[in-house]
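The values are calculated or read from the model by the stated rules, or taken from the named source; none is laboratory data. Note that the coordinates shown come from a computational prediction; the quantities given were computed from them, not determined experimentally. Note that each Cβ is placed from the backbone with ideal geometry, even for glycine, and that neighbours are counted across all protein chains shown.
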């Protein structure tokens, strides 16, 4: 790979919780390993390039989420990029819109981008707000993921889809998966596509997840000891026991 291209989508719309910081984390961790990296900003109304390696979609309120969904549906570039092997990190509103269905800003159920088999509904239950602690589904002995969640939606993942992790504390997706597992999942993983409800930004709080995403497109990463990031991640994991 001559250059790693990271594409940040509509952060003016979907940057309410600072999720645009995920791009800065990936750029930092790539450059620390001498990887040539370019960050491409896609503003609302711009065409989505299909040649990127990693695409980032953040969280936002209902109106901006609906606007982003309509633009991405009309453009189609994100789906073509995934078909070509790109990775995606979609957070909160972004997680909901990459699924098959979700509520619009008026509460009507609409079709999502259909990139992963997940569906979101709104309920009368209290809003999901607070610290979220997640055991990685692919390695339950690995370090816990942490984040801050703030969402009304409850998201169910399909039978053939894997969660990013299992909720240890917090709400996560808020619904069991369609597979019938009684545990509450958090997020979704489908190939190189990851969705999650974790803000923070999630990659600042979880450097191991940042490296997982980088490694999925770059291959084996050179060692990198980031003492500040590791200390922050450890402090957030320790908060679960306080």
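Remark: pairs (first residue in the stretch 216-242, more than 17 Å from residue 147 (Cβ to Cβ); second residue exposed (fewer than 13 other Cβ atoms within 10 Å of the Cβ); Cβ separation under 8 Å; 6+ apart in sequence or on different chains) = 217/1; 217/85; 218/1; 221/215; 222/34. Restricted to the stretch 29-43, and to residues there that are touching a residue at least 60 places away in the same chain (Cβ under 8 Å) and either in contact with a strand residue (DSSP E or B) (Cβ under 9 Å, 6 or more places away or on another chain) or closer than 14 Å to residue 11 by Cβ (or both), the residue that is surrounded by the fewest Cβ atoms within 10 Å (Cβ to Cβ) is 35. Can we say residue 132 is under 20 Å from residue 170 (Cα atoms), in contact with a strand residue (DSSP E or B) (Cβ under 8 Å, 6 or more places away or on another chain), in contact (Cβ under 8 Å) with a residue 40 or more places away in the chain and not in a loop (DSSP other than H, G, I, E, B)? Yes: the conditions hold for residue 132. Condition check: buried (at least 21 other Cβ atoms within 10 Å of the Cβ), at pLDDT 95 or above, touching a helix residue (DSSP H, G or I) at 6+ places or on another chain (Cβ under 6 Å) and closer than 19 Å to residue 216 by Cα. Does residue 6 satisfy that? In short, yes. Residue 119 satisfies every condition listed in (1) under 24 Å from residue 25 (Cβ atoms); (2) in contact with a strand residue (DSSP E or B) (Cβ under 8 Å, 6 or more places away or on another chain) except (1). Quick check: anything in the stretch 176-186 more than 25 Å from residue 238 (Cβ to Cβ), out of contact with any helix residue (DSSP H, G or I) (no Cβ under 6 Å at 6 or more places or on another chain) and part of a strand (DSSP E or B)? Within the stretch 176-186, none of the residues are more than 25 Å from residue 238 (Cβ to Cβ), out of contact with any helix residue (DSSP H, G or I) (no Cβ under 6 Å at 6 or more places or on another chain) and part of a strand (DSSP E or B).
Against the test of being surrounded by 14 or more Cβ atoms within 10 Å (Cβ to Cβ) and outside any helix (DSSP H, G or I), the options 209, 221, 203 yield a single qualifying residue, 221. Residues of the stretch 150-165 that are farther than 19 Å from residue 212 by Cβ and part of a loop (DSSP other than H, G, I, E, B): 152, 158, 159, 160. Listed by position, the helices (runs of 4 or more DSSP H) enclosed by the stretch 21-126 that each have at least 1 residues that are at pLDDT 95 or above and farther than 30 Å from residue 179 by Cα are 21-31, 62-75, 77-83. The single condition from (1) in a loop (DSSP other than H, G, I, E, B); (2) in contact (Cβ under 8 Å) with a residue 24 or more places away in the chain; (3) surrounded by fewer than 21 Cβ atoms within 10 Å (Cβ to Cβ); (4) out of contact with any helix residue (DSSP H, G or I) (no Cβ under 8 Å at 6 or more places or on another chain) that residue 17 fails is (3). Of all residues assigned to the stretch 74-85, at least one qualifies as being surrounded by 24 or more Cβ atoms within 10 Å (Cβ to Cβ), touching a helix residue (DSSP H, G or I) at 6+ places or on another chain (Cβ under 6 Å) and either closer than 21 Å to residue 201 by Cβ or without any contact (Cβ under 8 Å) to a residue 24 or more places away in the chain (or both). Restricting the stretch 179-189 to residues that are surrounded by fewer than 22 Cβ atoms within 10 Å (Cβ to Cβ) and in contact with a strand residue (DSSP E or B) (Cβ under 6 Å, 6 or more places away or on another chain), which is nearest to residue 154 (Cα to Cα)? Ranking the candidates gives 184 first. Listed conditions (1) within 29 Å of residue 154 (Cβ to Cβ); (2) at pLDDT 95 or above; (3) crowded, with 19+ Cβ neighbours inside 10 Å are all met by residue 192, apart from (3).
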